[in-house]
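No lab work stands behind these numbers, since they all come straight from the coordinates. Not measured: the values here are computed from a predicted model.
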Amino acid sequence: MKRLLSTTFCAGLALAAVAAPLVAEEKTLSAVEVKTDLSAFENSNALEFWPTLSEDIGQAIASELTIDDQSKEPRIVVSINKVAINGETTLPDTGEFNQLEGTVTMFPARGADNSETSNSSSATGSYALKVSATSGEVDVPENWIVIPPSQDDFYEALTNAYAMEVVERIED
């Protein structure tokens, strides 16, 4: 029998991932910083399961851009502030989640000495960003086996989707 890995978000991400590098090659930033602060949710335990969430999203964003700290291009700060499964911020013992929320803020490039040339009041733009994933029923040919996504599949899909959305919204 043939095997098929199928979820609704995987198919969409696969298409986005194919097209994104063509657009992303033209985009340059001076820096990307990703922070995760889940303190607004008393029982949030996501960082116990995913301690490298900030780094993973940062790497996914950086892989689609040119990062040049000498550039006069803007820098972005991504602040992840909610990780949830179906709206609940206390993840199950498996660590599964299907929602990521945060904000993306654009700032001018840092000064030539790499010092801060701006504070939070000099942001040039900011927006909220939320991504979520669901697995769905798919029609498959007879004698095929559907393999549901694993915990790592959801993690990778959500972090990459968040990063891709950040990259797509960066103005050329």
Seminar exercise, completed: For Lys27, the aspartates and glutamates lying under 12 Å Cα to Cα, once residues fewer than eight places off in the same chain are dropped, come out as Glu64, Asp68, Glu73, Glu168, Glu171, Asp172
Problem set entry | Cα-based convex hull, segment 28-172, per residue volume (Å³, whole number) | 131
Problem set entry | Net lengthening on full extension, Glu42/Thr94 (0.36 nm per residue, minus Cα-Cα) | 16.8 nm
For this session: Compute the length gained on full extension between Trp144 and Thr103: take 0.36 nm times their separation in residues and subtract their Cα-Cα distance, giving the result in nm to one decimal.
Result: 10.7 nm
